[in-house]
Every structure is written in structure tokens, then in C-alpha cells.
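A short write-up of the structure that comes next.
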Amino acid sequence: MTSSGRTSLPSRLTAIDETTRGDHYYLAEADRCFCFGEYFADQGWGHSPTNQLIFNYKCKPTEKSARLRWKEQAIATIAAGLKAAIARQEVERHTWVPIPSSKLPDHPEYDDRIVKTLRRAFAGYDVDIRELFRQSASTDADHGSSSRMTPESLLELLIVDHDAWDRAPPRPIILFDDVLTTGKHFKACERRLREIDPAIAIAGVFVARRALPRRIDDFETAALRSKAGRP
Amino acid sequence: MDLISQAADLESRAVRPARELGAYEALWCQEGASFKTLAAKFRAQPDAIPSDFVAPAEAERYGRAALDAIREAGIRHFGVRVQGAGEYPARLLDAEHPVTLLYFQGNWDITSTRCVAIVGTRRPSEEGMRRAAKLARHFVQDNFTVVSGLAQGIDTIAHTTAIEAGGRTVAVLGTPITTSYPPENAELQRRIADEFLVISQVPIVRYSRQHWTGNRLFFPARNATMSALTEATVIVEAGNTSGTLIQARHALQQGRRLFILDSCFQNPELRWPHKFLERGAVRVKDYDELRAHFAT
């Protein structure tokens, strides 16, 4: 089944706070992350309008053109949502950095939806959108509740484009991505940026955060703990 | 109106669930607060959220009190929905006094399935109990989610039958998520929270501070939310003074479908079935008739 999903985003972002942080294993209290909606890790129930929007948005560029039209519509919806929710002066006060695609530009599944969305959202503004990151190798996308790569191996793959950094002094940074899952990618990007500038302000904006269904919550947390070697 | 602040920067415009629930609790502890007065406040300021009306320290204080009560009740997983943000369902705005904030436990995704409310008296007849169970089983077979209010009688049968039949169920409480009523349904409430979805708009702090006579008003208020959340309400059995009739009134007012079982019409002492039929309710003999209505 394909449909547009939600056709508008809420007019306000929601901050990750103590009521939701438990769903995002790598986030700490000091991390400033915001999202519009919630993506429900698949359990075959309702396929919420936000799930449908994300599903369309993440549609691979290699898919059929009918599906890609839904993707274009999702990009338009998300761009309009960003523009409506964030005041122009706030947009222009920051440097917007896409969290990089899991595929390299020469890969057939390379997807530039994130940067495309930012450009569309803030067209006509004096906005600083910078692709500061790339991965040194293509990886499988991290979806739903699965987490295939450790933060360390992810960090190894993550390369900062120093030319892009040096082009102009970055303003406070907003890392932008579609779904906040464990927070691993956000933390890896943050760490790389702090290696260059330990003091720069960094926040994350996401279309949706992945809400863990109650039943698998404890299971995943336990699995992550054993992986990370934490108590 | 009494807006405290509305800043434009990304950080302060963002909804913080813990802050908002604190502000909601604080608003409820103000003199004369009701769903009606709160809804009026937000209708006058359509872009406002609870914390726009409450001093930060006060929101913080009430938030702590509510979060402590939640923790003390042994609840580890819960969330809130705030009007104007996140996954607050637009259809709740069809209510006469839309809720500004609600608490939930469980899997919110269930609200994206087709939901039907099965409601009725707390003291059903043998026949009424049998009919409620049969309906719940049929709705489950047709992949509907059975929504009810966790009260004694028809509500309890609707929930338990839906679970036994392998289906989904949602409980819309007339108490805070930290409390169970009737007490004998505490285990059922826990099970629905663990495996399905429990929703409550009832403020935790206010509920804990006032007498039963004030708190019982939360029960009919939740019926408006239950109706708004579902695409239809089915009344199995109800007396002339039953709280179920509150939901009937709200369903029609919200443009939701209201079905009344034929058996209700056969009791000569009942006036309400005819009254609601005149206002647009649908009289149904059995599930096949109901199913035909849902297919259109």
C-alpha cells in the first residue's frame, strides 16, 4: 500500500526529554535533539501517517518512478514543515549539516534527500547548508530498531570535509536527519565536530524519532547494553 | 489572555513533554479549572501550549509531583501527547472541549488502526454480557481495535474478549494512569498498558488532591475523548441514566457513527434509544448489519 502519509508536519518541534530519551540509547541529558513526529518501529499494526511519510521519504532512488513521486511529495512536505516551524532568523543563525547518507555518491542507492530537503526548505534565505561529512565506505542503512554497527566502527567511517569546514566559520550547528533511532549517528557526527572545535554548539533536528514499542524495549536495551559492555 | 511567554527561537518554541505535563497539571490545580475552561483558553490562543500559561518554576514543581507519582505507581514507560505537536491525533479536535494534553502507556501506533468503541452499563444482564463479547470477537476478526473505558460490566467484557480473541484493545481511563478504577481491574489495566494502549487525560496531581465527588466528573469527560478517537461507538446495553449516554451524545455531535443494538429498543422503559435514533443513531440487529455499515 502506498499513500502520501501525513501531508503536513506539526507547527512545533518536540524536544527529546526525560519522557522519551530512553528510546535513544546513545543520547545523554545534555544532548539537544528535536523532532516533529514519531516513527513506530514496525510491528505490523497501524502504519501511522508519520510512518508512511518516512517510508516514502526513504524510498531508494533505484525504485520505480511511481514510488519516487511519493518520495518527492514527502520531500516537499518535510521542507514545508521545516520552513513553517523554524523562524527565518533561527534558520540563518545556524549552520545546517546533513547527517550523511549511508551510501557514497557513486553508489546507485546514494540518496541526497536530506540536503535536498534543507535547500528546498530554506530557499531564498541567507542560509548556511554544508555537507561537512561523508562516509569512507558505503554501509547498510540503519533502520527501525536494528543497529548493525557499533558507534566505534561508524566513527571510523565518518570523514569530515575540512575544505567545507574552512570555507567560512561555522555558526552553531544543527545536524539534520530523517529518523533519530539510537542516536549513534548524531553522536558520531558530534564527536567528529568536537575534534575540530570543542566549543561549538551542536543540536539535532529530525523528522521523527523512533518510538520503541513497549514489548521490545527491554529486549533491545538489554542487547545494546551487552554489546556496549555497559551494566 | 494570560500568556506568560512565547519566544520564537528553536529551543524555547519546542515542546518539552515533561515541562508540558507539569504545566498541564498546574493549570488543572488553578481555581475553577475544567476541560471546558482549558479548551477555551487554547481556543483563544490557537498556537499556545500549556507552558505558555504557566510560570516555569510552577510547571517544574507540578511536573516533578506528577513524575514522582508515576514512578511511585511503578510505571516505567509512558508518554504524553500535546495538542499542536508530535503525534497528537487531529481527530481529537472534533471534541467539544479538545484535550490539551493526554498521558498514555503502551503502543501509540494502535491509534492508527481502525478503532471502534464498545460501551454500555456497568451492570449488564446476562444477555448484554453475551452480546458485548460476541461483538468484540467479531470486531477483532475483522481487524478492528476494540476501545472502551475500563469500567465494570460491558467495558471489561469488551476489553477482555478482544484480548482473548487475539485482537487489540485500547482503554480510555476516567482516572489518571497512576490509578485503577474499579480496583479489581488493576491487573487488566496493567496488561493493556503492557501489550496495547492505555490513554488518560485525567490530571494526576489534581486527582490526588480532591475528593471522589470531584473526581467522578472525569469519567464522563473521558467519553468525549473515547468517541473522538474512534470512528464509531456501539452501545450494547444502558439504562436511562447511564454514563454511556454521554458518549452517545458526543459521538453524534462529533460526526461519529453511533450504533445502538436492537435489543435496547425492545425495553419499553428505555427512552434514550428512540431519542438518539431521531438524532442520527443507527439501529442494528446483529454484527452482519454492523459490518455492512463499516464497509461503506
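Nothing in this text is a laboratory measurement; each read-out follows from the coordinates by a stated rule. As the structure is a prediction and not an experimental result, all values here were calculated from the model. A quick note on method: Cβ atoms are made from the backbone with ideal geometry, for glycine too, and the neighbour counts reach across all protein chains shown.
Below is a table of values for the structure above.
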item	result
Cα principal axis extents for the stretch A:31-150, largest first, Å	40, 36, 35
Excluding exposed DSSP-loop trypsin sites (Lys or Arg not before Pro) (at most 12 other C-beta within 10 Å), longest clean stretch of chain A	A:65-147
Pairs from A:K103/A:K187; A:K71/A:K187; A:K58/A:K83; A:K60/A:K184; A:K64/A:K187 whose Cα-Cα separation, in the structure shown, is over 30 Å	A:K64/A:K187
Euclidean distance of C-alpha centroids, the stretch B:44-60 and the stretch B:152-205, integer Å	30 Å
For B:A85, distant residues with modelled amide H under 5 Å away	none
Cα coordinate range in the protein assembly as shown, projected on the principal axes (Å, largest first)	84, 52, 48
Per-bin percent of Cα-Cα distances, chain A [5 Å]	1, 6, 14, 19, 21, 19, 13, 6, 2, 0
Shape metrics for the stretch B:1-129, restricted to C-alpha atoms - Rg then Dmax, Å	17.0, 60
Nearest-20 debye value, the stretch B:2-88 charge dipole, Cβ charges on Lys, Arg, Asp, Glu	240 debye
Angle between chain B longest axis and helix B:244-253 axis [Cα atoms, degrees, rounded to 10]	80 degrees
Using a Förster distance of 56 Å, the FRET efficiency for A:A66-B:C29 (Cβ separation, nearest 0.05)	0.55
Of the trypsin sites (Lys or Arg not before Pro) in the stretch B:205-258, those whose Cβ has at most 16 other Cβ within 10 Å and which sit in DSSP loop	B:R216
Debye-sum result for the stretch B:41-87 in log10 I(q)/I(0), which assumes one identical scatterer on each alpha carbon, at q = 0.14, 0.18, 0.26, 0.27 Å⁻¹	-0.47, -0.72, -1.02, -1.03
The stretch B:128-218 - percent relative contact order, Cα under 8 Å, separation 6 or more	25 percent
Sequence-distant residues sharing a close amide H with B:C115 (under 5 Å, placed H)	B:T145, B:E231
Net +/- balance of residues flanking B:T145 in space, Cβ distance below 13 Å, scoring K and R +1, D and E -1	-2
In sequence order, calculated HN-Hα J values of the stretch B:214-223 (Karplus, 6.51, -1.76, 1.60; Hz; x Gly/Pro)	x, 5, 5, 5, 6, 5, x, 5, 6, 5
DSSP bridge pairs, chain B: antiparallel proportion in percent, nearest 5	30 percent
Cross-link partners of B:K134 among lysines (Cα-Cα below 28 Å; sequence separation of 8 or more within a chain)	B:K275, B:K285
Cut-off under 5 Å, modelled amide H: who pairs with A:G204 long-range	A:R32, A:C33, A:F34, A:L175
Expected 222 nm ellipticity per residue - DSSP helices of 4 or more, -39500 (n - 2.57), all of chain B, to 500	-13000 deg cm²/dmol
Per-residue mean of C-beta atoms belonging to partner chains within 10 Å, peptide A:7-19	6
